[in-house]
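A short write-up of the structure that comes next.
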């Protein structure tokens, strides 16, 4: 393997790890594939392949947030509670990253979802029990969304690696 392929494989592996850090790993796969295409004069890569990779990347990222919203709303969170869950998850991952780059970001993401939803629901005047129920839904949505994102990213990495190396 030459240097370009080594960097390409390293970035593909990083994209899988990045999904737990609230970094959009699917876009890293797309950009990595685009840079690889530029570096190799788009040998064996077509425009339709890039378009498919981009559509899948956007779809998986959108689906993650949709699942968080669905889980939170299903368990009684308000629309503002859903926004707080998503923002709290992103903010918690970023702040947790500074304490411990991987584990802190994962834990921070979950804590951020819970604190964001709980705080907004309590501020909006819900009873503690109802706010906890909405928080539980947001947490389930986070787990489901992260699972779908992990599956989507690994699938995208396998498809891209298969197209380039085999």
Subject >> Members of region 116-154 found to be in a helix (DSSP H, G or I), over 24 Å from residue 94 (Cβ atoms), in contact (Cβ under 8 Å) with a residue 24 or more places away in the chain and in contact with a helix residue (DSSP H, G or I) (Cβ under 8 Å, 6 or more places away or on another chain), listed by number >> reply: 130
**OP:** Please list, ordered by first then second residue, the pairs with beta carbon atoms under 9 Å, 6 or more apart or interchain, first in region 57-68 and within 13 Å of residue 23 (Cα to Cα), second at pLDDT 95 or above and not in a helix (DSSP H, G or I).
**Re:** none
Original post:
For region 84-98, does any single residue satisfy the condition of being surrounded by fewer than 14 Cβ atoms within 10 Å (Cβ to Cβ) and either modelled with pLDDT under 95 or under 24 Å from residue 131 (Cα atoms) (or both)?
Top reply: yes
Original post:
Pick from region 33-51 the residues that are in contact (Cβ under 8 Å) with a residue 12 or more places away in the chain and in a loop (DSSP other than H, G, I, E, B): which of them is nearest to residue 111 (Cα to Cα)?
Top reply: 45
**OP:** Taking residue 77 as meeting all but one of (1) buried (at least 19 other Cβ atoms within 10 Å of the Cβ); (2) in a helix (DSSP H, G or I); (3) in contact (Cβ under 8 Å) with a residue 24 or more places away in the chain, write down the number of the exception.
**Re:** (2)
Original post:
Do we have residue 113 as buried (at least 19 other Cβ atoms within 10 Å of the Cβ), under 30 Å from residue 31 (Cβ atoms), touching a helix residue (DSSP H, G or I) at 6+ places or on another chain (Cβ under 9 Å) and modelled with pLDDT of 95 or more here?
Top reply: yes
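Is there a residue in region 146-153 that is farther than 23 Å from residue 96 by Cα and buried (at least 16 other Cβ atoms within 10 Å of the Cβ)? First the steps, then the outcome.
Kept after step one, since they are farther than 23 Å from residue 96 by Cα, are these residues of region 146-153: 151-152.
Filter once more, keeping what is buried (at least 16 other Cβ atoms within 10 Å of the Cβ): 152.
Yes: one or more hits.
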**OP:** Search region 14-32 for residues being in contact (Cβ under 8 Å) with a residue 60 or more places away in the chain and surrounded by fewer than 17 Cβ atoms within 10 Å (Cβ to Cβ), and hand back the single one that is farthest from residue 61 (Cα to Cα).
**Re:** 17
Original post:
Would a scan of region 56-74 turn up a residue that is buried (at least 18 other Cβ atoms within 10 Å of the Cβ) and assigned to a loop (DSSP other than H, G, I, E, B)?
Top reply: no
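The values are calculated or read from the model by the stated rules, or taken from the named source; none is laboratory data. Note that the coordinates shown come from a computational prediction; the quantities given were computed from them, not determined experimentally. Cβ coordinates were reconstructed from backbone atoms using ideal geometry, including for glycine residues, and neighbour counts include every protein chain displayed.
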